[in-house]
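Read the structure below first, then the notes.
Since every read-out is calculated from the coordinates, none of them should be taken as a lab result. The structure presented is a predicted model; accordingly, all values stated were derived computationally and were not measured. Here the Cβ is made from the backbone with ideal geometry for all residues, glycine too, and neighbour counts use every protein chain on show.
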Amino acid sequence: MTEEEFINILKTGSFKERFDAVSRIDPIHLTRAISDKDENIRYKVASRISAENLLSLINDPYKEVRLIVAKRIDAKELPKMINDKSFWVRHAVAERIDKSFLPSLIEDKEPIVRIMVAGRIDEKYLLDMVKDREALVRKAVAKRIPAEYLPLMQNDASESVKNIVLERLNK
C-alpha cells in the first residue's frame, strides 16, 4: 500500500478498512492516523508507531491508548504522564520513570501505584511510607526499608507486615 492509498483510506474508509490499513502500513506513515476518530485505531497506532512519535498521544482521551504510550514512550518523557487520571497509566509510569520522580507518587490515591513506588523508590524515602493507610503498601515497604528502621513497623496493624519485620529482624 502506498502512502497516498493509506491517506485515502484514512479519509474515506470504514473502521475495518482503516484498522487494516494501520495494521499493515509501514510504521513511518502512522503519524497520519494519530488523530483518527476511533480509539481502537489510535490504540493500534500507539502500539506500532515509533516511540519518538508517541508524544502527541500522551493526552489521548482513551486510557488504553495512554497506557500503551506510558509503556513505550522514552522514559525521559514519562514525567508528563505522572498525573494521568488513570491509575493503570500512573502504575506504568511508576514502573518505568526515573527513580528521582518517584517521591511525587508516594501519596498517590491508588494503592497499586504506591506499591510500585515502594518497590522502586530510593530507600531513604521508604521512611515516609511506613504509615501508609494500605497494608499492602506497608508490606512492600517492610521488605525494603533499611533494617535500622524496622522497629518502627514492629507494631503494625497488619499481621503480614509484622511477620516480614520479625523475619527480617531475626536474620
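For region 97-160 and region 1-68, what is the separation of their Cα centres, given in Å?
A separation of 39 Å, based on Cα centres.
Can you put R114, R32 in order, fewest other beta carbons within 10 Å first?
R32, R114
Read phi for every residue in region 39-45 and hand back ³J(HN,Hα) as whole Hz from Karplus 6.51 cos²θ - 1.76 cosθ + 1.60, θ = phi - 60°, with x for Gly and Pro.
5, 5, 5, 5, 4, 5, 4
Using a 7 Å offset from the Cα along the Cα-to-Cβ direction at both L136 and D122, what is the distance between the two label points in nm, to one decimal?
According to this spin-label approximation, the distance is 2.8 nm.
At 7 Å along the Cα-to-beta-carbon direction for both Q154 and E39, put a label point, then send me their distance in nm to one decimal.
Simple spin-label model gives 5.1 nm for this pair.
With a 10 Å radius around each residue's Cβ, average the other Cβ atoms per peptide and rank 41-50, 78-87, highest first.
Highest-to-lowest ranking by the protection proxy: 41-50, 78-87.
What list do you get for I73, I106, I164, I7 if you sort them by fewest beta carbons within 10 Å?
I7, I106, I164, I73
Here are some pairs, K11/K80; K76/K124; K71/K109; K44/K76; K80/K124; K44/K85; which of them have Cα atoms lying more than 27 Å apart in this structure?
K11/K80
Tell me what the chain gives for mean residue ellipticity at 222 nm when only DSSP H runs of n ≥ 4 count, each as -39,500 (n - 2.57), the sum divided by the residue total, rounded to 500 deg cm²/dmol.
After summing the helix terms and dividing by residue count, I get -14000 deg cm²/dmol.
Quick one: if you stick a label point 7 Å off each Cα along the C-beta vector at W88 and E110, how many nm between them?
Rounded to a tenth, the inter-label distance reads 0.8 nm.
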